Number of protein chains: 2
Amino acid sequence: MEPKPRITIKDVARAAGVSTQTVSRVLNERPDVSSETRLRVQQVIAELGYSPNVIARNLSRGRSNTLGVIGYGLVYFGSSGVIAGIESKANELGYSLTLSLIDQVEPTRVDRILYDFLSRRVEGIIWAVPGNTNAINWLTDKFSDVHTPIISINMGHDGLDHVVALDNRLGGRLATEHLLQAGYQCIGIITGPRHWWEAKERLMGWQETIEEAGGYSDIDRLIVEGDWNAPSGDVGLHSLLDQNPEIDAVFVSNDQMALGSLQAARRLGLKVPEDLGIVGFDDIPEAAYFYPSLTTVRQNTQKLGALAVHQLHALIQVEHRGKAPDSEIAWVKPRLIVRKSSVRK
Amino acid sequence: MEPKPRITIKDVARAAGVSTQTVSRVLNERPDVSSETRLRVQQVIAELGYSPNVIARNLSRGRSNTLGVIGYGLVYFGSSGVIAGIESKANELGYSLTLSLIDQVEPTRVDRILYDFLSRRVEGIIWAVPGNTNAINWLTDKFSDVHTPIISINMGHDGLDHVVALDNRLGGRLATEHLLQAGYQCIGIITGPRHWWEAKERLMGWQETIEEAGGYSDIDRLIVEGDWNAPSGDVGLHSLLDQNPEIDAVFVSNDQMALGSLQAARRLGLKVPEDLGIVGFDDIPEAAYFYPSLTTVRQNTQKLGALAVHQLHALIQVEHRGKAPDSEIAWVKPRLIVRKSSVRK
DNA sequence: CTGTTAGCGCATTCAA
DNA sequence: TTGAATGCGCTAACAG
């Protein structure tokens, strides 16, 4: 075992017979070095296996070159896609990532993470925790205390300055309009938890579309709340049909619950799509292989993540130049994927 | 907009009327400070909203307190679970994470990431990219060049020093033994890509079990290779049954492909589990809601990630004390989840 | 084109 | 219990 006296810029300078400055210049690819010395320095670097100490560099530059990401820990479709999108774009722009995961918005924990991020002097923060609108006021306050650019993914823009979001409402509309066009008459909905922003928006999309088409009397009876998981889609469909036998189609607010609904329909002896049309949301990889294959609203989560980084980068740049960034919301459009669960032959 | 002259330890020292070291002592919760001054300093810190600069601290201490994680970018079941496990344990042990994602083992990219990690002086590295055994020699060499502890998740231990892995072979055994006990006579297998370590191991588990039970003639004909995705499970089952009509059960090496196989069985008019028994692998959340619900081998991916951090932490400690770490492999046990797809009534 | 002098913000000797 | 001096490894002015 070798001891571990890390090679520093000084060692390189000495070995190359130049000053540390010159080495630094070579490292930073600056033009004001003769190609001769540049080459020599590069050789020495290679020989010594030197790699610059980013920590020292960052301290010196007063920049961390790092983005802080707060993601959603529970396995929920999309969360990993968003992270992947973030990582990819961050990488492209030369940022490093520091990642924290949470399962719920727990003030103490969030405080700790934010404090940690600030201590690390991250240059920007991405809030990629889906939808709990209960916490939004608290969050908004928190965020405004933090003098570092923050982008939120998929939250309503009430109070939050910078948001990148999937247009969930549009998604709800796409799903509902499609069912209408497919000839279904009475369309119910199984929503996600009502305090989730995504769930609300999808519901709104459904409701608006229904109303524009003439509406139903007492529309609330056609709404059932699920918890995003398959069992609740199963139970949900049961209770929905139990109370509204006239229902012939359902917009289920995510694919997992739609899977549960498919199950319930089977048990009830209803054929999909003949007796009952079903449209989901997300387009998880399995959806194409459900039985019958599931019509659903696809969201491009990677794009969402990448866009967030893009916007954040802009904010960071702007901040360095002192301009006050405008508040805004960037939308990503969902797309309807038509399969068999909603098309009568 | 306030300018942004970050508050430093000096500001705090000045405001509290003490020296910077005293502040430093308070920050590091060291005992040799009178509770009087400690309190005063803490107050000033709170008032000024000071947070220590981790970059400077790290430079000074010569430690980064950071773990580098190389994960799998493609959405593949388990990868996000592993990351979540890593994050949770790292958090518990006080490490920060820096994350990079790759879709395949591309030398240039891996080199860049490793170089970046070294530059950031990460204290340990976790390789959480599943199974491409083609790259293993190259990787082994790479890793041995890096003078930083590295833990690999889910790779064979050929050449790699420190590995945390799910016992995939045991998983294959569990699945196969279960089918045998359930009374199935001729059990085929749809594997993952053959160059994936996980795929190989699951196959081995199947094969060993079959052989111990007496074996089949020309066992290779009962093996079909898939690509982890549902369509390949569909196609795979078709060709398997096409060539071996006597097959009455299949061990499908992941749940996605099993979903495809379920589909194929349906199309072929085969009832599951009566005519055909099916066991999957992974236990994705949807598996319980497939039709019929899928018997499968559950892997605890979070545990895998957490264990990796645990081991890595130990390596790091050891390294600081100069002891040479032993090479070893830590196994996580899978568990069979019996549902309807493999149990004849 | 290159070297010298400072200093980034903190922690670690040592004295006092 | 506290403070002064010094250095972590690097980059940013400035000279030359």
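The values are calculated or read from the model by the stated rules, or taken from the named source; none is laboratory data. Please read these numbers as outputs of a predicted model, since none were measured by experiment. Positions of Cβ are backbone-derived with ideal geometry, glycine not excepted, and every protein chain shown enters the neighbour counts.
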Query raised in the report: Can B:Tyr72 be described as of a type outside the set (A, V, I, L, M, F, W, C), modelled with pLDDT of 90 or more, within 12 Å of DNA strand C (Cβ to nearest atom) and within 40 Å of the chain's Cα centre (by Cα)?
Result: no
Report task. Would you point out which residue out of A:Leu101, A:Leu114, A:Leu48, A:Leu59 is hydrophobic (A, V, I, L, M, F, W, C), crowded, with 22+ Cβ neighbours inside 10 Å and over 16 Å from A:Ile153 (Cβ atoms)? Result -> A:Leu114
Requested in this report: Say whether the condition of being in contact (Cβ under 8 Å) with a residue 40 or more places away in the chain, more than 31 Å from the chain's Cα centre (by Cα) and within 16 Å of DNA strand D (Cβ to nearest atom) is met by at least one residue in the range A:55-63.
Outcome: no
Query raised in the report: Given the conditions (1) part of a helix (DSSP H, G or I); (2) closer than 18 Å to A:Leu315 by Cα; (3) within 16 Å of DNA strand C (Cβ to nearest atom), which single one is not true for A:Thr140?
Result: (3)
Report task. Could you tell me whether the range A:47-61 includes any residue that is touching a His at 6+ places or on another chain (Cβ under 9 Å) and away from DNA strand C (no atom under 15 Å from the Cβ)? Result -> no
Report summary line: The condition from (1) assigned to a helix (DSSP H, G or I); (2) within 24 Å of B:Gly269 (Cα to Cα); (3) at the interface with another protein chain (Cβ under 10 Å from one of its Cβ atoms) that A:Ser293 misses is numbered (1)
Requested in this report: Could you look through the range B:257-285, keep only residues that are among the hydrophobic types (A, V, I, L, M, F, W, C) and touching a Lys or Arg at 6+ places or on another chain (Cβ under 9 Å), and pick out the one that is nearest to B:Thr295 (Cα to Cα)?
Outcome: B:Phe281
Query raised in the report: In the range B:72-93, is there at least one residue being more than 16 Å from DNA strand D (Cβ to nearest atom), over 21 Å from A:Ser88 (Cβ atoms) and of a type in the set (S, T, N, Q)?
Result: yes
Query raised in the report: For the range A:76-106, what are the residues that are over 14 Å from the mean Cα position of the chain (by Cα), facing another protein chain (nearest Cβ under 8 Å) and under 22 Å from A:Ala230 (Cα atoms)?
Result: none
Report task. Confirm whether A:Val279 is more than 10 Å from chain B (Cβ to nearest Cβ), among the β-branched types (Val, Ile, Thr) and touching a helix residue (DSSP H, G or I) at 6+ places or on another chain (Cβ under 9 Å). Result -> yes
Query - So B:Arg120, is it in contact with an Asp or Glu (Cβ under 9 Å, 6 or more places away or on another chain) and of a type outside the set (Gly, Ala, Ser) - result: no
Query raised in the report: Which of (1) more than 26 Å from A:Leu307 (Cβ to Cβ); (2) touching a residue at least 60 places away in the same chain (Cβ under 8 Å) does A:Gln181 not meet, given it meets every other one?
Result: (2)
Requested in this report: Hey, could you check the range B:5-59 for residues that are out of contact with any helix residue (DSSP H, G or I) (no Cβ under 8 Å at 6 or more places or on another chain) and under 20 Å from A:Arg63 (Cβ atoms) and say which is modelled with the lowest pLDDT?
Outcome: B:Pro5
Query raised in the report: Mind checking which residues of the range B:126-141 are free of Cβ contacts under 8 Å to residues at least 60 places away in the same chain and touching a helix residue (DSSP H, G or I) at 6+ places or on another chain (Cβ under 7 Å)?
Result: B:Trp138
Report task. Could you tell me whether A:Ile284 is at pLDDT below 95 and of a type in the set (A, V, I, L, M)? Result -> yes
Requested in this report: Check A:Gly277 against each of (1) among the small types (Gly, Ala, Ser); (2) under 14 Å from A:Tyr184 (Cβ atoms); (3) more than 31 Å from the chain's Cα centre (by Cα) and name the one condition it does not meet.
Outcome: (3)
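Just wondering, is there one or more residues in the range B:2-10 that are within 12 Å of DNA strand C (Cβ to nearest atom), among the hydroxyl-bearing types (Ser, Thr, Tyr) and surrounded by 20 or more Cβ atoms within 10 Å (Cβ to Cβ)?
no
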Query raised in the report: Would the range B:53-75 turn up any residue that is more than 11 Å from chain A (Cβ to nearest Cβ) and either assigned to a loop (DSSP other than H, G, I, E, B) or of a type outside the set (Val, Ile, Thr) (or both)?
Result: no
Report task. Could you tell me whether any residue of the range B:12-23 is near DNA strand C (Cβ under 9 Å from one of its atoms) and in a loop (DSSP other than H, G, I, E, B)? Result -> yes
Query raised in the report: Can you tell me which residues in the range A:25-47 are part of a helix (DSSP H, G or I) and either within 17 Å of B:Asp116 (Cα to Cα) or away from DNA strand D (no atom under 13 Å from the Cβ) (or both)?
Result: A:Leu27, A:Ser35, A:Glu36, A:Arg38, A:Leu39, A:Arg40, A:Gln42, A:Gln43, A:Ile45, A:Ala46, A:Glu47
Query raised in the report: Before we move on, is A:Asn28 within 34 Å of the chain's Cα centre (by Cα) and either within 12 Å of DNA strand C (Cβ to nearest atom) or without any contact (Cβ under 8 Å) to a residue 40 or more places away in the chain (or both)?
Result: yes
